[in-house]
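One structure below.
The values are calculated or read from the model by the stated rules, or taken from the named source; none is laboratory data. Predicted, not measured: the structure shown is a model, and the values here were computed from it. All Cβ positions, glycine included, derive from the backbone under ideal geometry; neighbour counts span all protein chains shown.
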Amino acid sequence: MAAVRAASARLAAFNLLAPRDPAARPGRDIAFGSDPRQKLDVYTPERAANPAPVVVFFYGGSWSSGRRQDYAFVGRALAARGFVAVIADYRIYPQVRYPAFLEDGAAAVRWTRDHVAGYGGDPGRISLAGHSAGAYNAMMLALGPMFLPQAGVDRRTIRAVAGLSGPYDFLPLRAASTRNAFGEAPDLSDTQPINHAGPASPPAFLAHGAKDRLVYPRNAIKLGAVLERAGARAEVKVYADLSHVGAVLALSKLFRGKAPVLDDMTRFLTAHSLPLASASPLHRPSGSADGRPEDKLHGGGDR
């Protein structure tokens, strides 16, 4: 717990002292459930003439730590690029285990669909994103067939998904963090995002640092290949100079020069969340009439 508190303190100081992107935060401490950890914050562009595309972002922390306030820099970065950004907390171990944190994520998506128009967002243009354990959460919500429908959300609501440094194929459960979070699941294979990839999966942007020694880049490369083989759209980016944490810090104004993670991710999400009336055939969401893959897989070698 001391290490967790120290990490949170470092992120809090980072948000306070590092240069900030211009953005507004019109919604904070908004409850999407009854538990104290079922809350979210909303970041918006300072000026937005039209309903903006929306990103719901989930942070990492091995499903056992993290606070939405520590990722204000992510909300500001996305808002400065024209998105309404929702940064959501979720319940964590030891309070809960799989699948409760995914059920919380689905509830946050439902809140977003129902309320984001009041913050200038377009509920028809929602994407998911996350880092590390949060990337797992985002990918499972986007690919899995059950969690969004159980929350009353049509899976087609999700126009695209972006994962940074995410674990998508991690059986057997070797790490204590995964055993704690997933060890009681009745069907471990069902907990793996890679096993839910299919032709109806939304377009996926999969980013990883080549220097990541906590979650290896093969997670992104393998999931991207499986999605592409299934006929879904995937783009994989492996950044030579980034570590596990470096992939999310590269979204911040201070570290953005290390790798174009923000540019690449927002370009992908923007292309796949165009208003439906103006979307070209190459940018139609999954389930469109032609159903053809759009992006080619750009994978690098595993480290």
If we keep only residues of the stretch 165-197 that are within 30 Å of P123 (Cα to Cα) and touching a residue at least 60 places away in the same chain (Cβ under 8 Å), then the residue surrounded by the most Cβ atoms within 10 Å (Cβ to Cβ) is S165
Quick one: T112 ticks every box in (1) among the hydroxyl-bearing types (S, T, Y); (2) over 19 Å from T44 (Cα atoms); (3) in a helix (DSSP H, G or I); (4) in contact with a Gly (Cβ under 9 Å, 6 or more places away or on another chain) except a single one, so which number is it? (2)
Collect the residues in the stretch 136-152 that are surrounded by 21 or more Cβ atoms within 10 Å (Cβ to Cβ) and either part of a loop (DSSP other than H, G, I, E, B) or modelled with pLDDT under 95 (or both), keeping them in residue-number order. G144
From A162, A200, residue being under 16 Å from the mean Cα position of the chain (by Cα), at pLDDT 95 or above and either surrounded by 18 or more Cβ atoms within 10 Å (Cβ to Cβ) or not in a strand (DSSP E or B) (or both): A162
Can you go through S189, S243 and tell me which one is among the hydroxyl-bearing types (S, T, Y), over 21 Å from T266 (Cβ atoms) and more than 18 Å from the chain's Cα centre (by Cα)? S189
I126, sole failed condition from (1) without any contact (Cβ under 8 Å) to a residue 12 or more places away in the chain; (2) among the β-branched types (V, I, T); (3) in a strand (DSSP E or B): (1)
Inside the stretch 203-239, can you point out the residues that are surrounded by fewer than 20 Cβ atoms within 10 Å (Cβ to Cβ), part of a loop (DSSP other than H, G, I, E, B) and in contact with a helix residue (DSSP H, G or I) (Cβ under 9 Å, 6 or more places away or on another chain)? K211, R213, L214
Within the stretch 266-278, identify whether any single residue is in a strand (DSSP E or B) and either modelled with pLDDT of 95 or more or of a type outside the set (F, W, Y) (or both), and answer yes or no. no
Please verify whether the stretch 88-103 includes one or more residues that are touching a helix residue (DSSP H, G or I) at 6+ places or on another chain (Cβ under 8 Å), closer than 12 Å to A23 by Cβ and not charged (D, E, K, R). no
Just to be sure, is L242 assigned to a loop (DSSP other than H, G, I, E, B), surrounded by 19 or more Cβ atoms within 10 Å (Cβ to Cβ) and touching a Gly at 6+ places or on another chain (Cβ under 6 Å)? yes
Can you find a residue in the stretch 19-29 that is surrounded by fewer than 17 Cβ atoms within 10 Å (Cβ to Cβ), in contact (Cβ under 8 Å) with a residue 60 or more places away in the chain and under 30 Å from P186 (Cα atoms)? no
